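Data first, discussion second: the structure below is written as structure tokens.
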Amino acid sequence: MADNDILKGKKILAVDDEPDVLDTLKDMLDECEMETATTYELARELLESKVYDAVILDIMGVRGFDLLKIAMKKKIPALMLTAHGLNPENLIDSVKLGAKSYIPKDKISDIDIYLKEIFLAREKGIEKSGNWFARLGSYFDDRFGYGWKNKDKKFWTEFDETYKVSKDELQELM
């Protein structure tokens, strides 16, 4: 499947308590079949009753981690998209709970890239791709401050081993 077509027809559930964010996602991902929810309750009901190719979850206001757990049980790839919950602890928790990526809302304009990466990795049999982090590493360094990973060295050592990005993939990111 061509990279440009990989999102076409994908069933995506986006959950955020801000309707304008959901409207933006629908506009940006117009080739996908989008459903949205602004509450945990509605999102949980949709996750439990329908099949999705991926979910995009906010953390704050919609119990995003609880929804992530449901998505993981159903083997639905999840992308965390957050603003108020943007911190190292939530990034780590997202990864530990199984999120495929953790994206700041101010990078929403690239949401299609991160979704494509999830689907392309899956097609290649890669469950844990580090491309999203390779793209955002310097952003997190700037946002969280020098040495922010030092607090959780064990996690980041394991992360680097598990989520390796090949030199070819790194070239594609540049």
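The values are calculated or read from the model by the stated rules, or taken from the named source; none is laboratory data. Predicted, not measured: the structure shown is a model, and the values here were computed from it. Neighbour counts are summed over all protein chains in view; Cβ atoms, including those assigned to glycine, are modelled from backbone coordinates with ideal geometry.
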Qualifying positions in region 11-25 - surrounded by 18 or more Cβ atoms within 10 Å (Cβ to Cβ) and touching a residue at least 40 places away in the same chain (Cβ under 8 Å): 12, 13, 14, 15, 16, 21, 25
Conditions (1) at pLDDT below 95; (2) not in a helix (DSSP H, G or I); number of the one not met by residue 81: (1)
Residues of region 82-98 satisfying the condition of being out of contact with any helix residue (DSSP H, G or I) (no Cβ under 6 Å at 6 or more places or on another chain) and of a type outside the set (Val, Ile, Thr): 84, 85, 86, 87, 89, 90, 91, 93, 94, 96
So residue 67, is it assigned to a strand (DSSP E or B), in contact (Cβ under 8 Å) with a residue 24 or more places away in the chain and either surrounded by 18 or more Cβ atoms within 10 Å (Cβ to Cβ) or among the aromatic types (Phe, Trp, Tyr) (or both): no
Where residue 56 falls short, out of the listed (1) out of contact with any helix residue (DSSP H, G or I) (no Cβ under 6 Å at 6 or more places or on another chain); (2) not in a strand (DSSP E or B): (2)
Identity of the residue in region 121-169, touching a helix residue (DSSP H, G or I) at 6+ places or on another chain (Cβ under 8 Å) and exposed (fewer than 13 other Cβ atoms within 10 Å of the Cβ), that ends up modelled with the highest pLDDT: 151
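Inside region 72-96, can you point out the residues that are touching a Leu at 6+ places or on another chain (Cβ under 6 Å) and over 21 Å from residue 144 (Cα atoms)?
First, the residues of region 72-96 that are touching a Leu at 6+ places or on another chain (Cβ under 6 Å): 78, 80.
Scanning region 72-96 gives a single hit, 78.
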Residues (out of contact with any Ser or Thr (no Cβ under 9 Å at 6 or more places or on another chain) and either farther than 14 Å from residue 7 by Cβ or touching a residue at least 12 places away in the same chain (Cβ under 8 Å) (or both)) located in region 26-41: 29, 31, 32, 33, 34, 35, 36, 37, 38, 39, 40, 41
Some residue of region 100-114 being of a type outside the set (Lys, Arg) and modelled with pLDDT under 90: no
